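Encoded as structure tokens, the structure appears first; notes follow it.
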Amino acid sequence: MPHIRPITDLRNTTEISEICHQSKEPVFITKNGYGDLVVMSIETYERQLAKTALHAKIAEAEQQVAAGAPLIDADEVFAKLRAKYVK
């Protein structure tokens with residue numbers, strides 16, 4: 001469930017910080033009843049960035065497959081990696 005707080009709660013930064021770290025979710029800050037800011041922990045921000053990057057890579061791979069890029073069997077890929085890196 002999203003945490004929604006009025007902008008006046010930003011006066012108590014320790015409480016907002018604790019909420020961000022405990023919930024591992026963003027806190028939505030409102031101003032005059034409307035959404036204004038989003039505050040989140042660095043960990044949550046980095047997790048969001050990683051998800052965005054992963055989705056971009058998946059979309060790129062799907063475009064490559066749709067364009068007819070050759071597919072390689074996973075067993076073949078792992079066998080090549082093992083041969084190269086496992087000694």
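The values are calculated or read from the model by the stated rules, or taken from the named source; none is laboratory data. Here the structure is a predicted model, which means the values were calculated and not measured. A quick note on method: Cβ atoms are made from the backbone with ideal geometry, for glycine too, and the neighbour counts reach across all protein chains shown.
Consider Gln48 carefully, then state whether it is among the polar types (S, T, N, Q), under 29 Å from Ile16 (Cα atoms), surrounded by 10 or more Cβ atoms within 10 Å (Cβ to Cβ) and not assigned by TED's automatic domain parsing to the domain that holds Ser17.
Yes: the conditions hold for Gln48.
Within the set of pairs 6+ apart or on separate chains, which have a first residue in region 58-74 that is surrounded by 10 or more Cβ atoms within 10 Å (Cβ to Cβ), a second that is outside any helix (DSSP H, G or I), and C-beta atoms under 9 Å apart?
Ala61/Ala69; Gln63/Ala69; Val65/Leu71
Limited to region 1-53, what total is found for residues that are part of a helix (DSSP H, G or I) and among the small types (Gly, Ala, Ser)?
4
Which members of region 3-29 meet the condition of being under 16 Å from Arg47 (Cβ atoms) and not acidic (Asp, Glu)? Before you say what the answer is, go through the steps one by one.
First, pick out the residues of region 3-29 that are under 16 Å from Arg47 (Cβ atoms): 20-27.
Once the filter is applied, which keeps residues that are under 16 Å from Arg47 (Cβ atoms) and not acidic (Asp, Glu), region 3-29 yields Cys20, His21, Gln22, Ser23, Lys24, Pro26, Val27.
Only one of (1) under 27 Å from the mean Cα position of the chain (by Cα); (2) at positive phi is not met by Asn32, so which one is it?
Unmet for Asn32, out of (1) under 27 Å from the mean Cα position of the chain (by Cα); (2) at positive phi: (1).
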